[in-house]
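Every read-out reported here was derived from the displayed coordinates using simple, explicitly stated rules and does not represent laboratory data. This one's a predicted model, so the numbers in the text were calculated from it and none came from an experiment. No Cβ is skipped: glycine too gets one built from the backbone with ideal geometry, and neighbour counts run over all protein chains shown.
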Amino acid sequence: MISAIYNSLSKRQLLHIMGVVLPVFFAMGVSYAAYRSGFTGMAMMMVGALAPVMIFLIFKFPRFGVLFYFVLAYWIMFILALGIDFPLGTVMDGLLLLLIIGFFIKQKKESNWEAFRNPISVVILIWIGYNIFQFANPTAESRLAWVYTVRTVAGVMLSYFIFVYHINNVKFIRLLLKIWLGMATLAAIYAIKQEYFGFFEFEQRALDSNPLLQSLLYIDGHWRKSSIFSDPVAFSYNMIVASIICISLIFGPTSKRTKIILTLLALLYLNVMLYSGTRAAYVLLPAAMALFAVLKFNRQIMVFSCIFGVFMLALINVPTSNPSINRFQSAFRPSDDASYNVRKQNQKRIQPYIQRHPFGGGLGATGVWGVRFAPYSFLAQFPPDSGYVRVAVELGWIGLILVCALFFVILKTGIDNYFKISDPELKTYCLAMVLAVFAMNIGNFPQEAIVQFPLNIYFSLMAALINVTLRLDRQKSNLVKDGKQQPEGQNDRYTRYRQIRRTV
């Protein structure tokens, strides 16, 4: 009977029937999983069903994988805050692994390692290798702490090579920046909701159940906001980086309408950043603008710098009863800040340990993983409160030298590339990344700037774009010299720029 029906149907009819039947069975299976195991079971089944499709898309269209990885990194902490008991961190690791496998498969067919022959690639590989070597650190209290920590400290740095390889035209850079600023805008709007309309029930429940968290986030009768991020520090640093990108693009080759939109976005990000109550973030923009004025020295920038400087001086010294502005002003008087003085004392106390342990006490020896896997160790009780101090404690003064070298090489390469690039648009993108890395370099001293999502991944993107922009500029220069037509999507702004230079 079934065979007769099957033979009587055409291929098109069979595909139509399968297109209806399979989604119905899938929906029934998801519903049953939700009934039996709750949301976690439903999510596991959906991921299991969609995983083959995602793997195919990532291998077939690697840029899709890059975009998915890029977007998920921004929202992962918010998804976890919803109470979803699902190993999203493992999903991120799996996505990166798939992208790396796809990269090596493609390299086997068309070997091209030229993009990775640069100082940034070398120092990142050294940094990753040193962190892997830490598994054998004889002074480490726990190997499990290393397993949980190495993923976010060194593993995510592999994404640098994925970004360098797959970002191969200016259209893709524009798309990434548009998505980045779009997500930052949504995060800013969510922070406004938290500030003026309060927290959602799941957020308030998390605060009420953790007295320690309340003591850290409830300051002078005002809750510090974290928007969609893990904590107020991550929120404020992400807003600062987004505002730096906007300011850099304002002075690039963009239309007046775009400049107005970017100005409004920068003001929005800086305003909501105050809701975080993170003093460390307040000094990052002035520091980045100082480097901006030095690198892009001209009359327009000097006028902007003077206006910005006067505004900052007024904001720092104006009398106010606003708690957010009060906290902002205190960031520029660190000697009057009790928490800053406590941090200085802690850093002084840990110095002898750092000097005696050149390889440190092992990855994950401090913080959450230290408390979990070696709760009675000396380092588990030490609050690092600084990215550099954490590196010095866990990886020793050798690790501290390496991380400083990493920042130095990225910044030096970025500044060199900025002056080498001719195309105004690519030059602007390179400058934006240099300023963002510089801000993270400074922000890593009072807080941990690049260990939480999404900045641990976006930091690799910043470093990658510094090299990608120079590579694309040289490709466009060669096309112009050879008299060839520019690829689709790369407008003629560069050609007009070179024609103007010739006439001058």
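At-a-glance table
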item: Distance in nm between pseudo-label sites at residue 174 and residue 135 (7 Å out along the Cβ direction from Cα); result: 4.5 nm
item: Note, ³J(HN,Hα) from phi for segment 58-67, Karplus 6.51, -1.76, 1.60, rounded to Hz, x at Gly and Pro; result: 5, 6, 7, 10, x, 5, 4, x, 4, 5
item: Residues 114, 141, sorted so that the one with the fewest Cβ neighbours within 10 Å comes first; result: 114, 141
item: Two-site FRET efficiency, residue 412 against residue 110, from Cβ-Cβ distance with R₀ of 51 Å, rounded to 0.05; result: 0.95
item: Label-reachable residues, segment 345-362, where backbone N falls under 16 Å from a point 7 Å from residue 381's Cα toward its Cβ; result: 346-347, 349-351, 353
item: Size of charge dipole - segment 114-503 - debye, nearest 20, with Cβ of Lys, Arg +1 and Asp, Glu -1, no other charges; result: 1320 debye
item: Per-residue ³J(HN,Hα) for segment 297-310, Karplus 6.51 cos²θ - 1.76 cosθ + 1.60, θ = phi - 60°, Hz, x for Gly and Pro; result: 6, 7, 4, 4, 5, 5, 4, 4, 5, 5, 4, 4, x, 5
item: Alpha-carbon radius of gyration plus Dmax, which is the widest Cα pair, for segment 114-503 in Å; result: 22.1, 72
item: Least to most buried among 106, 476 (fewest other Cβ within 10 Å first); result: 106, 476
item: Neighbour-count order for 239, 92, fewest beta carbons within 10 angstrom listed first; result: 92, 239
item: Inter-part distance where segment 373-426 and segment 129-188 are each reduced to a Cα centre, Å; result: 13 Å
